[in-house]
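First the structure, in the form of structure tokens, and then the observations on it.
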Amino acid sequence: MAQTAFETNSMDAKKPPYVYPESNLGSASPAKISRIDRAAPETVVDLLAVEEPLEIQLTFGPSDARRTKSITVTMRTPGHDEELATGFLLTEGVLADSTQILHIDKAAGSSNSTSSALQHTIPGNIVRVEIEPGIEFRTATLERNFYTTSSCGICGKASLMALRSVCPPRRRNDLSLSAETLYALPGLLRNSQQVFAATGGLHGAALFTSEGKLILSREDVGRHNAVDKLLGNQFLADAIPLYDKVLMLSGRVSFELLQKSAMAGIPMVAAVGAPSSLAVKVAQEFDITLIGFLRDRRFNVYHGIDRIYPPT
């Protein structure tokens, strides 16, 4: 199978010597490996993308009866954990406004804690989000595999029905941009992926304006985590909904990523890889322009071709 521009291995992706940025310390870990390059093996130090569990806890309920509940554990690359937690709560339909958050804390956790789902907790791998008293939500919306993943066994029709119950209603999509602008997005995203440049092992997500200006990028071992970090940042900045932004993804597009885009009001999603059939149905349902296989000055439009200006 041919590799895409975002699927090269770490040996191809790095340009040693690599100086790792201090802001991303903890996102990559050195490891001794045996490298073979048409000669005898040599022992070298490689950088690996770090993967660790993050538990997201929610503190909620009336003022006189507060509860803390573990709502999910996700495998992620450490960094921007508060954004990941709030992005998850936004896209799962728990929070509608950043003012609903009282506190966000990193908790050390304990294997004896009744609120912790992690049996062996690494310090700093729990984020606890405390929300305002009186906010009501459905417990089902906090179970990630309820309808969001392609392996959950729920048919497409049921998934779309569940999505309609939590997503904002469909609105007019007025965002359009040129093919020339689209051609530039994969390179701009990759240039912003500092940890990918060091490890070759992370997914990336970025927000762009319709003129192709990079607003923000995030990366993670999980593509859904990269998007949650991105949307969590914008949610905390009170910038949601993102009616005038383009979401660019470094890999394929799943139903879950289109769900998150719909929750954040994103009108256009572009990706280096292919969309799933259910992702296309979500794009049609919520009128999200969906572009796949965006690389080498080519792309496919799965919905919204009338919003793409032809190349000059």
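The strands (runs of 3 or more DSSP E) falling completely within region 124-227 that include 3 or more residues that are open to solvent by less than 50 Å² (accessible area, probe 1.4 Å), at pLDDT 80 or above and among the charged types (D, E, K, R) map to 214-220. Taking region 73-103 as the range and being open to solvent by 20 Å² or more (accessible area, probe 1.4 Å) and either touching a Lys or Arg at 6+ places or on another chain (Cβ under 9 Å) or part of a strand (DSSP E or B) (or both) as the test, the residues that pass are 73, 75, 79, 80, 82, 83, 93, 101, 102, 103.
Yes or no, residue by residue, for (1) open to solvent by 30 Å² or more (accessible area, probe 1.4 Å); (2) in contact (Cβ under 8 Å) with a residue 40 or more places away in the chain; (3) in a strand (DSSP E or B):
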residue: 238; (1), (2), (3): yes, yes, no
residue: 241; (1), (2), (3): yes, yes, no
residue: 262; (1), (2), (3): no, yes, no
residue: 269; (1), (2), (3): no, no, yes
residue: 282; (1), (2), (3): no, yes, no
residue: 291; (1), (2), (3): no, yes, yes
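The set of residues in region 293-309 being in a loop (DSSP other than H, G, I, E, B) and touching a strand residue (DSSP E or B) at 6+ places or on another chain (Cβ under 8 Å) consists of 304 alone. Would you mind stating whether residue 250 is buried (at least 23 other Cβ atoms within 10 Å of the Cβ), touching a His at 6+ places or on another chain (Cβ under 6 Å) and closer than 15 Å to residue 207 by Cβ? Against the criterion (buried (at least 23 other Cβ atoms within 10 Å of the Cβ), touching a His at 6+ places or on another chain (Cβ under 6 Å) and closer than 15 Å to residue 207 by Cβ), residue 250 qualifies. Please tell me if residue 278 is of a type outside the set (S, T, N, Q), open to solvent by less than 10 Å² (accessible area, probe 1.4 Å), more than 30 Å from residue 30 (Cα to Cα) and part of a helix (DSSP H, G or I). No; evaluated as a whole, the condition is false for this residue.
The values are calculated or read from the model by the stated rules, or taken from the named source; none is laboratory data. Here the structure is a predicted model, which is why all the values come from computation and not from measurement. All Cβ positions, even for glycine, are placed from backbone atoms using ideal geometry, and neighbour counts span all protein chains on display. Ligands, DNA and RNA are stripped out before the accessible areas are found, and what is left, the full protein with its side chains, is counted by its heavy atoms. Shrake-Rupley method; radii C 1.70, N 1.55, O 1.52, S 1.80 Å.
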